[in-house]
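Read through the structure below, which is laid out as structure tokens, and then see the notes.
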Amino acid sequence: MLKRAAAIGLHAILIIGLIGFFGFRGNISRSEAAESSIAASAYSPRFTGELEHGVTIRVLENDTAIQQGYFEELIDAFNAAYAEQGIKAVDANMDQYLDLENDGPYGYGPDVLYQANDVLMKYVDGNHILALPPDALEAWEQIPASAWEAYQAQGGIYGVPVNIQAPVLYYRSDMIPDNWRDEWDGDKNGVPDMLESWGAMYRFSRGIREGNPAAYGYMKSLWDPYFALGYLFSYGGYIFGEDTYDIGLSAGDAAIGAGVIRQLASVMNEDCIDDTVTKNGYAKLASGEYFAVMTTPDVYTLFTKEFNLAGTPVDNLGVAAVPALPADGDLSGPGAELIPFKVMGGVNGYAVSSYTKAPNACLAFVNFASGYDMMLRRNALLGIVPARADAASEAGGLSEMVNKKLADNEIVIMPSVRALAQVWTPAGTLFSDIAKDPYRPQGEMKYTEAAAFQEGLEKAGQQIYDAIHTLQ
């Protein structure tokens, strides 16, 4: 379970945006984590260290932060802290998927953006966001290099990491059998096997289906590449190698991972083929129709809302790391040897628009919003995993676990390149086709041998290559 951070007296927050802002040209020592592979010296000359006074900056946040009340608390706290400087932050009141590249030049765009690294970093080409001065970033020493790297390009840093996104398992703790220590703890480590092994999860899910046709074990929209690509990564697949000419969906034993997707689909229903489980997973986990689903930490509050609506105690909601995979990919076998499930991840953060008229005030906001107190508050209200090591340590539980997986290279951060946009459709189409296979008539199944998975992966890789390098 998540360790929930205590509520903060927001009006007592230190004006952390001022710390390190003035005189940022001085040398500030970097932590070992931040210094290991980050060498950022180029930044926009518009960051002068002189705050603009009497300005209003428009901030684009994600919808969940707005709906759950976090964003209102953030801007209220910032505005109270910077009232004497005449700086005010407001909701940009724009779609969270706004296209800064097309809208920014015409004045229709926010001053500060909060989005995932793959979305923000596509704006580096064309200079739509500003390179930030590292020594002026209050969180510089607390955020690990692996998170900063997601925002590094052309010798500069273009965003401040706030939230590490990586798949986690949400499950119904009350649906685990009372005798699990005898029947579902083969290694006797005090953790139910179905939370540690995809093979055990598969067998547990099959048992639920056989005992109650109206209930399911693990359920997921298996077509979704953000989650499904992890099965390929775990067996040697990758998206891009040294450049976008090297597409590795079919590399190594990735075909084994594709086979795992098909096996999981066989204990679900046809809702796994499309977006249905993504949409109904919150309510069906709350009602007990599903035992477990996989999604990201920042939607924790959406589960608790549905649990409350269903009259289900929130204490029955469990959160765990994603299970390990059998080395041979056979979910039905004993699976003696397990390998880590390398998941796709992302880093959500803040960037400053090149079209703002108040870059220094924007930087002050970014520092404030990525500060220790606000990251803990964001964790408390939204369940996000703080990118700051100090905040993650204080939050404990899931936050520490995800940060450790990032440090252990078990989270593959989405490439921060424009070409990533060409990956989603071919990969999603393939995964949907694989997930549909158990529901085809016996003579029409397409994935009955390893060669078929390999062929499908190679075809999807070629489609991605063509979309990037041939068809444009």
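So that you can scan it fast, the table gives a plain yes or no per residue for (1) surrounded by 18 or more Cβ atoms within 10 Å (Cβ to Cβ); (2) of a type in the set (F, W, Y); (3) modelled with pLDDT under 95:
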| position | (1), (2), (3) |
| --- | --- |
| F227 | yes, yes, no |
| G236 | no, no, no |
| E242 | no, no, yes |
| G248 | no, no, no |
| D271 | yes, no, no |
| V277 | yes, no, no |
| A286 | yes, no, no |
| D298 | yes, no, yes |
query: Across the range 113-146, what is the total count of residues that are assigned to a helix (DSSP H, G or I) and crowded, with 24+ Cβ neighbours inside 10 Å?
result: 4
- prompt: Restricting attention to the range 188-197, does a residue exist that is at pLDDT 95 or above, assigned by TED's automatic domain parsing to the domain that holds L302, surrounded by 24 or more Cβ atoms within 10 Å (Cβ to Cβ) and not in a strand (DSSP E or B)?
  reply: yes
message: Here is a check on your reading of the model: is L376 out of contact with any Asp or Glu (no Cβ under 8 Å at 6 or more places or on another chain), modelled with pLDDT of 95 or more and part of a helix (DSSP H, G or I)?
response: no
- request: Taking the residues in the range 79-95 that are more than 15 Å from E52 (Cα to Cα) and not aliphatic (A, V, I, L, M) as candidates, determine which candidate is most open to solvent (accessible area, probe 1.4 Å).
  value: N93
- prompt: When only residues in the range 391-409 that are farther than 12 Å from Q165 by Cα and touching a Ser or Thr at 6+ places or on another chain (Cβ under 9 Å) count, which is surrounded by the fewest Cβ atoms within 10 Å (Cβ to Cβ)?
  reply: N409
- prompt: Which one of A351, A324, A336 is assigned by TED's automatic domain parsing to the domain that holds A427 and under 28 Å from A389 (Cβ atoms)?
  reply: A324
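For (1) open to solvent by 60 Å² or more (accessible area, probe 1.4 Å); (2) of a type in the set (S, T, N, Q); (3) in a loop (DSSP other than H, G, I, E, B); (4) in contact with a Pro (Cβ under 6 Å, 6 or more places away or on another chain), each residue gets a yes or a no:
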position: A380; (1), (2), (3), (4): no, no, no, no
position: S416; (1), (2), (3), (4): no, yes, yes, no
position: T425; (1), (2), (3), (4): yes, yes, no, no
position: L430; (1), (2), (3), (4): no, no, no, no
message: Just checking, does the range 147-166 include any residue being surrounded by fewer than 21 Cβ atoms within 10 Å (Cβ to Cβ), touching a helix residue (DSSP H, G or I) at 6+ places or on another chain (Cβ under 8 Å) and outside any strand (DSSP E or B)?
response: no
field: Search result, residues across the range 314-330 that are in contact with a helix residue (DSSP H, G or I) (Cβ under 7 Å, 6 or more places away or on another chain) and either without any contact (Cβ under 8 Å) to a residue 60 or more places away in the chain or of a type in the set (V, I, T) (or both)
entry: V314, V319
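Okay, residues lined up against (1) part of a loop (DSSP other than H, G, I, E, B); (2) surrounded by fewer than 24 Cβ atoms within 10 Å (Cβ to Cβ); (3) in the same structural domain as M401 (by TED's automatic domain parsing); (4) in contact (Cβ under 8 Å) with a residue 40 or more places away in the chain:
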| residue | (1), (2), (3), (4) |
| --- | --- |
| R181 | no, yes, no, no |
| D185 | yes, yes, no, no |
| M201 | no, no, no, yes |
| S205 | no, no, no, yes |
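The values are calculated or read from the model by the stated rules, or taken from the named source; none is laboratory data. Here the structure is a predicted model, which is why all the values come from computation and not from measurement. Using ideal geometry, Cβ is built from the backbone for each residue, glycine included, and neighbour counts are taken over all protein chains shown. Accessible surface areas use protein heavy atoms only, side chains included; no ligands, DNA or RNA. Shrake-Rupley method; radii C 1.70, N 1.55, O 1.52, S 1.80 Å.
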